Amino acid sequence: MRNLFTCLTISAAILLAASPAGAADVPPRKPGLWEMKMVFEGRNVPAHVSHHCVDAETDKLMSSFGNAATRDMCSKMDTQKVGETYVVDSVCKLGPSTNTTHAVISGDFNSAYSVKLTSATTGGPNLPGMRPDGKTEMTLEARFAGACRDGQKPGDIIMGNGAKMNIRDIQKVQNLVP
């Protein structure tokens, strides 16, 4: 289940960072520490909290990572500004599975924002922790928490279990995988 949360945390970060050319750009986040809480509706799964340390450079890295990750996997990645919100619709294929996602992002990227995400996965095996019908409803609440923690550098993501990863390391691993 921990791998599922790690994957979803990275996916949420990519979703927020990815904005293909010609689409409405989601604003960059204020530099510093962001607490991100993911809650899954309709499941008996505890909320997942992670802490992301960002600066202007790592926000751009996440964007380029998101664009690179979605370029080959997604037949659709559309971001539109609708009033004060951003709406992201995507269709992405990962192996035998196709994931269709609709997300509404609202709030302020200086103090707090939320992402309401609904997705449906078809094809492929059911993953542990996922609903049998392949549907997911998730809310991500992000709030600015001030300066990054001692020992945390820009790009670091500290998971709820204390595990730490950095966006630069994720990019390095991605470059090793054919």
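Expressed as a whole percent, how much of the Cα-Cα distance distribution for the range 86-156 exceeds 20 Å?
Roughly 49 percent, once rounded to a whole number.
Once the piece of chain linking A145 and D133 is laid out straight, how much longer is it, given 0.36 nm per residue of separation minus the C-alpha distance between them?
0.7 nm
Coordinate-derived values only; no laboratory data. Treat the numbers as computed from the prediction; the structure is a model and nothing was measured.
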